[in-house]
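The structure appears right after this line, and notes come after that.
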Amino acid sequence: MKHHSKYFIKHLAHGFAILFVIVLFLHFNKSIPGYWGDKTIYFFYISLVFGTIFAAFEIYEISQDERENSYFIQGISYAFLFSLLVIVVHQFLNLAIIQSFKLELVSLSISLGILTFYANHDSVWKKLETERNTEQEVENRRKDHFNKGYPGISRIPLLGSLVRWFYKEGWLYSIGLLLIIILAFALRVWQVGKLGLQVDEQFAYSVGLNLINKFQFLIFNTDFYYRGWPYSILVAISFFFLGVSEFSLRLPGVVLGSLTIIPLYSIIKKVTNKKCAIFASLLLAVFSWHIYYSRWGRHYVLASFLLILSLNYTYLFFNSEFKSYRYKSILSTALLVLTLKELLIVPVIYLVLIAIIKRFRINPLKELFLFLGYIVPICLTLFIPEKITGARGGSSEIVIPDALLFQVIKWVQSWLSYSTYKYYFLGKLYNLMPILIVLTILFCLALILSSRKNKGIIVLITPLVIFILMNVIGRHKPWNIRQISFLMPFFIIVLIYFFAIMKKNKYSSIVILSSILIISINPYYMGMVYSIDYGTPLKNTLFELTSAENSYPDYKTPVEYIVSNKEDGDIIIRDPSISEAYLYGNMAYSFTDLNEDRNMVMIEELLNTNKRVWILNTVINDERFHYKTRNGKVRQFLDKNEDKVVYIGKDKISKVYLFTDFKNTTEV
C-alpha cells in the first residue's frame with residue numbers, strides 16, 4: 001500500500017474513533033439532540049471498519065519473524081481472548097450491562113479475531129504442516145513395519161485392516177479414540193428409551209413398523225412417507241432384531257452419533273494434527289447438543305454423520321488432485337442428499353469448487369460420471385414426493401403433494417417477493433451461543449487463507465454456505481432449530497481449528513480451553529439432557545424441537561391406559577397427535593384440527609349410539625394449539641365434562657375421558 005494511502009486510512013480510523021467517543025460521551029450525559037441518540041451505532045461500526053483496516057496494514061508491515069514478539073499483535077490477541085471470555089460468561093450469567101452492548105461486543109470480537117487470525121495464521125499453518133508431515137512419516141513407517149512383521153494378520157479381511165489402522169495410528173491414539181467412542185455411546189444410550197415419542201418421532205416409528213410388517217414405507221396404514229427413508233430402514237432393522245420400542249427406535253441415532261467421531265477425527269487430523277483430532281473427538285462425545293439429537297429418533301443425526309463423512313472423503317478427493325476417493329465421495333454425498341432435503345445443494349457446491357480449482361478447464365465427457373454421481377441423487381430428491389396421503393374417512397381420494405422441486409420454486413418466489421428479513425437460525429445462535437457466530441465467521445476467513453496451500457480444505461466452507469442459504473432464501477419458511485442440528489459436528493471443527501490457530505502460550509490456551517469446554521460440555525445443558533421428563537419446559541432452549549411444544553409431551557401413558565382398560569365394543573376418539581402411533585392396531589376415530597363442526601357431529605353420533613366411548617385429549621387443552629386460543633367447541637364440550645376424566649398424563653396436560661351411556665350431547 002502506498003505511504004499516503006496508509007496515512008489516509010489512519011486518519012480516518014482515528015478521526016471516526018474520536019468522534020464516536022465524543023458522541024457516546026454526550027449521549028450518556030444527555031447533551032446530544034435526540035436525533036443522534038440512536039445513530040451512535042453507525043459511528044461505532046464506521047470506526048471499527050476503518051480501525052480494522054488500519055490495524056491489518058500495520059500487521060502486514062511486520063515480518064513473520066517479528067510477529068511472534070510484537071506487543072501490538074499480542075495486545076490484539078489478548079483483547080480478542082478477553083472479548084470471548086466476556087461473551088462466554090454472559091452466555092450463562094446474562095449480565096444486563098453486557099446485554100445492552102451485546103451486538104457491539106460480538107462485532108468487536110469478530111474484528112479482533114480477524115486481526116488475530118491474520119497475524120498468526122501463516123506461522124501456525126507452517127507448524128501444523130510440519131507436525132502433519134512428521135506424523136505421516138511415522139505412520140508410514142509403522143504401516144510398513146506391520147505389513148512386514150505381521151503378514152498373517154494383515155491378510156485377514158476387515159480384521160487385518162482394522163488392526164493395521166490401530167497399529168499405524170499408534171496404540172495411544174487408537175485406544176484413546178476407542179475409549180472416547182465408548183464414552184460417547186454410553187452418554188447417548190443412557191435411559192434413551194425412558195420417555196415416549198416426541199416431535200415427529202411417530203413418522204420413523206410408524207414407517208419402521210410397517211417396513212417389517214408390510215415391507216412398505218407407510219405411516220398410519222394409509223400414507224406413504226419417504227422423508228429420511230435411509231433412517232427409516234435402520235429403524236426397521238433395529239425393530240426386527242430388538243423388538244418395537246422407543247429404545248430400538250432411537251438406538252440407530254445413538255450408534256450414528258457415536259460413530260460420527262470417526263470421520264470427525266479423520267478430517268481434523270488432516271487439517272490440523274492428531275492431538276487436535278483426539279481432543280475434537282472428546283468434545284463431540286460430550287457435546288450436550290449433539291447428545292440430545294443423537295437420542296431423538298429422527299433422520300437428522302444420520303444427516304449429521306453423513307455430512308462429516310462426505311466432507312472427509314471429498315477433502316481427500318480434492319487433495320488427491322481428483323484421482324482417489326471419488327466413489328466414496330459420491331456415495332456418501334448421495335446418501336446425504338437422500339436423507340435430508342436441506343442438504344441437496346451440497347453436491348452442487350462440490351461441483352462449483354471443482355470447477356473453480358480447475359479454473360473451469362473441465363472435460364465434460366471425462367467427468368460425466370462424477371457429474372451424474374453428484375446430480376442424480378438431487379434429481380431423485382426433487383422429483384419424489386416426501387409424502388403420499390391415502391384415503392381416509394371413507395374417501396377414496398389419494399392426495400399426492402407437489403414434489404420438492406415445486407416447493408423450492410415457491411420458496412424462491414417467496415424470497416423474491418418478501419419484504420422483511422427474518423434470520424431465524426442466526427438469531428437463535430446469537431441468543432443461545434453467540435460465541436459460535438464469532439468463531440464461525442473467523443473460520444470462514446481461515447479457510448480462505450488456508451486454501452492457498454491446501455486445496456481440500458475449501459470443502460469445509462460447504463456447511464457455511466448451506467447455513468447462509470437457509471437463513472436467506474428460506475426465511476419465509478417456518479423453521480425449527482432441529483433443522484440445523486446437522487451442523488453440530490461442524491461446530492466442533494470450527495472450535496478445534498480456532499484452538500489450533502490460537503494455542504501460542506499457556507495463558508491463551510487456558511482461555512481457549514475454558515471457552516471450548518464451556519461451550520461443548522455446558523454443565524447446565526448436560527444436566528438437562530438427563531433430567532428431561534414429561535412436562536419439562538423446552539421452550540427457547542437448544543432442545544426445542546419445534547415452536548409448537550412448550551414442554552416434553554406425554555402421548556404414551558394415556559394410550560396405554562386406554563388400551564389396558566378398554567372393553568370389547570368400546571369406541572376410541574383421538575385428537576390429531578402423535579398418539580396415533582401408539583394406537584397402531586386399534587380402531588380409533590380422529591378429530592380434525594380444522595373442522596370443529598364435523599368433530600361435534602362425530603362426538604354426538606358416537607356417544608348416542610355406543611355404550612362406552614373414550615376420548616383421548618393430548619393437545620386440545622394445550623395452549624400451543626388453536627382449540628384453546630379460540631375457545632373452540634370441542635374444548636368447551638370437554639371442559640363441561642371434566643368429571644369424565646379418568647386419567648391425566650404425566651405432562652399434566654394429556655387427559656383421557658370415559659363416557660358411559662352418555663345421551664346429552666345435544667346441549668352443546
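The values are calculated or read from the model by the stated rules, or taken from the named source; none is laboratory data. Remember, it's a predicted structure, so these values are computed and weren't measured experimentally. All Cβ positions, glycine included, derive from the backbone under ideal geometry; neighbour counts span all protein chains shown. Accessible surface is based on the protein model in full, side chains and every heavy atom, while ligands, DNA and RNA are left aside. Shrake-Rupley method; radii C 1.70, N 1.55, O 1.52, S 1.80 Å.
The figures follow:
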item: Extreme residue, surrounded by the fewest Cβ atoms within 10 Å (Cβ to Cβ), among residues of the range 476-507 that are assigned to a helix (DSSP H, G or I) and modelled with pLDDT under 70; result: K506
item: Among residues of the range 250-297, those that are open to solvent by less than 10 Å² (accessible area, probe 1.4 Å), within 23 Å of S238 (Cα to Cα) and outside any helix (DSSP H, G or I), counted; result: 3
item: Residues being free of Cβ contacts under 8 Å to residues at least 12 places away in the same chain and either buried (at least 22 other Cβ atoms within 10 Å of the Cβ) or among the charged types (D, E, K, R) (or both) - total across the range 322-352; result: 1
item: Verdict on A403 being at pLDDT below 65 and open to solvent by less than 60 Å² (accessible area, probe 1.4 Å); result: yes
item: Leading residue by the ranking (modelled with the lowest pLDDT) among those in the range 551-606 that are part of a strand (DSSP E or B) and not hydroxyl-bearing (S, T, Y); result: R574
item: The range 448-470 - residue that is farther than 18 Å from L307 by Cα and part of a helix (DSSP H, G or I) and, of those, least open to solvent (accessible area, probe 1.4 Å); result: S450
item: Flag for I362 being at pLDDT 75 or above, touching a helix residue (DSSP H, G or I) at 6+ places or on another chain (Cβ under 8 Å) and open to solvent by less than 60 Å² (accessible area, probe 1.4 Å); result: no
item: Residue within the range 300-316 that is open to solvent by 40 Å² or more (accessible area, probe 1.4 Å), modelled with pLDDT of 90 or more and closer than 16 Å to A204 by Cβ present; result: no
item: Identity of the residue in the range 556-589, aromatic (F, W, Y) and within 19 Å of Y534 (Cβ to Cβ), that ends up least open to solvent (accessible area, probe 1.4 Å); result: Y582
item: I473 vs. criteria modelled with pLDDT of 75 or more and open to solvent by 10 Å² or more (accessible area, probe 1.4 Å); result: no
item: Failed condition for S47, given (1) loosely packed, with under 14 Cβ neighbours inside 10 Å; (2) over 20 Å from I501 (Cα atoms); (3) without any contact (Cβ under 8 Å) to a residue 40 or more places away in the chain; result: (1)
item: Failed condition for E342, given (1) under 20 Å from K453 (Cβ atoms); (2) among the acidic types (D, E); (3) assigned to a helix (DSSP H, G or I); result: (1)
item: Residue match in the range 640-652 (condition: open to solvent by less than 40 Å² (accessible area, probe 1.4 Å), modelled with pLDDT under 85 and aliphatic (A, V, I, L, M)); result: no
item: From T134, T130, T116, residue being of a type in the set (S, T, N, Q) and within 24 Å of I441 (Cβ to Cβ); result: T116
item: Residue selected from the range 65-90 under the condition of a type in the set (G, A, S) and part of a helix (DSSP H, G or I), by the criterion nearest to K127 (Cα to Cα); result: S77
item: Within the range 84-118, considering residues that are of a type outside the set (V, I, T) and at pLDDT 85 or above, the one most open to solvent (accessible area, probe 1.4 Å); result: L108
item: Residues of the range 539-562 that turn out to be closer than 27 Å to Q91 by Cα and in contact with a Phe, Trp or Tyr (Cβ under 6 Å, 6 or more places away or on another chain), as a count; result: 3
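Residue by residue, here is whether (1) of a type outside the set (F, W, Y); (2) modelled with pLDDT of 90 or more holds:
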residue: V163; (1), (2): yes, no
residue: E169; (1), (2): yes, no
residue: A184; (1), (2): yes, yes
residue: V192; (1), (2): yes, yes
residue: L195; (1), (2): yes, yes
residue: I212; (1), (2): yes, yes
residue: F239; (1), (2): no, yes
